[in-house]
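Novice: Mind having a look at this structure? Questions to follow.
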Amino acid sequence: MESVKDNVILIGMPGSGKSTVGVILAKLLGKSFIDSDIVIQQTTGKLLSEIIDSEGVDGFVAAEGRINRKIVCTNTVISTGGSAVMNSEAMEYFKKRGVVVYLSVDQADLAGRLGDLRKRGVVCREGQTLSDIYAERLPLYMKYADITIHEQGCGNARETAELAAAQIRLFLTERMQNEK
């Protein structure tokens, strides 16, 4: 199995910038980049919205988890879908393979970024609001995160990626010192 220090796994709400920040972060850290949503689409041959429509939320979360557990890589930044934390087996798999970084955005900022949840393809049950989804997932993001990056203090994706890179380096340095 690859070293726990090889990969960086980004988690967070839809609209938190995981894909955009992930590409920049990969460049800053000299790593490859994978967007798990694209892996899911390539594996299934369907758009995420098509999977949600045909399989429902639970079916999508199961498929997402199954595919995420098959991602094998080293020295890579992995941007996950916002619902990835809803599958505990996939998150335990990721935790064993890298540093999990939660990109935290407050709910008001997310509302402005996301707009219509259905059109955006956000995994949500009928009648769920952004507030409901946020409340459901926040404890999971906190549970799995090794590092939390609060985006409110960052001006743009580049600044968020730079802050994340610095925090990851510090985290890994401290981890190495504790392992000695």
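Where a number appears in this text, it was derived from the coordinates with a stated rule and is not lab data. All values derive from a computational prediction rather than experimental measurement. Neighbour counts run over all protein chains shown; Cβ positions are idealised from the backbone, glycine included.
Novice: Within the range 15-59, list the residues whose amide N lies under 18 Å from a label point set 7 Å along Cα→Cβ of Arg175.
Specialist: 22, 25-34
Novice: Checking the table Lys70/Lys180; Lys46/Lys70; Lys18/Lys96 against a 22 Å threshold on Cα-Cα, which pairs fail?
Specialist: On the way: Lys70/Lys180 31 Å; Lys46/Lys70 18 Å; Lys18/Lys96 20 Å.
The answer is Lys70/Lys180.
Novice: Next question. Give, in nm to one decimal, the length gained when the segment between Glu162 and Ala135 is fully stretched (0.36 nm per residue of separation minus the Cα-Cα distance).
Specialist: Numbers: separation 27, 0.36 × 27 = 9.72 nm, distance 2.78 nm.
Stretched fully, the Glu162-Ala135 segment lengthens by 6.9 nm.
Novice: May I pose another question? Using Cβ contacts closer than 10 Å as the measure, can you line up Asp146, Asp6, Asp106 from fewest to most?
Specialist: Numbers: Asp146 18, Asp6 15, Asp106 12.
Ordered by Cβ neighbours within 10 Å, fewest first: Asp106, Asp6, Asp146.
Novice: Given 0.36 nm per residue, what is the gain on full extension from His150 to Thr74 after removing their alpha carbon distance, in nm?
Specialist: Details: separation 76, 0.36 × 76 = 27.36 nm, distance 2.61 nm.
Stretched fully, the His150-Thr74 segment lengthens by 24.8 nm.
Novice: Quickly rank 37-46, 125-134, 15-24 as a protection proxy: mean count of other C-beta atoms within 10 Å, highest first.
Specialist: Values: 37-46: 15.6, 125-134: 13.0, 15-24: 22.0.
The peptides rank, most packed first, as 15-24, 37-46, 125-134.
Novice: May I pose another question? What number comes out for the charge environment of Gly12, summing +1 per Lys or Arg and -1 per Asp or Glu over other residues with Cβ under 10 Å away? Don't skip to the end; give the middle numbers.
Specialist: On the way: positive: Lys18, Arg137; negative: Glu151.
With Lys, Arg at +1 and Asp, Glu at -1, the net is +1.
Novice: Separate question: Find how much the distance from Lys27 to Gln128 grows on full extension, using 0.36 nm per residue of separation minus their present alpha carbon separation; answer in nm with one decimal.
Specialist: Details: separation 101, 0.36 × 101 = 36.36 nm, distance 3.62 nm.
Working it through step by step, the gained length comes to 32.7 nm.
Novice: Another question, if that's okay. For the range 7-179, what is the convex hull volume of its Cα atoms per residue in Å³? It would help to have the intermediate numbers written out before the result.
Specialist: Working: hull volume 18.5 nm³, N = 173.
Once divided by residue count, the hull of the range 7-179 is 107 Å³.
Novice: Based on other C-beta atoms within 10 Å, arrange Phe94, Phe33 from fewest to most. Walk me through the numbers before you get to the answer.
Specialist: Details: Phe94 24, Phe33 19.
Least to most surrounded, the residues fall as Phe33, Phe94.
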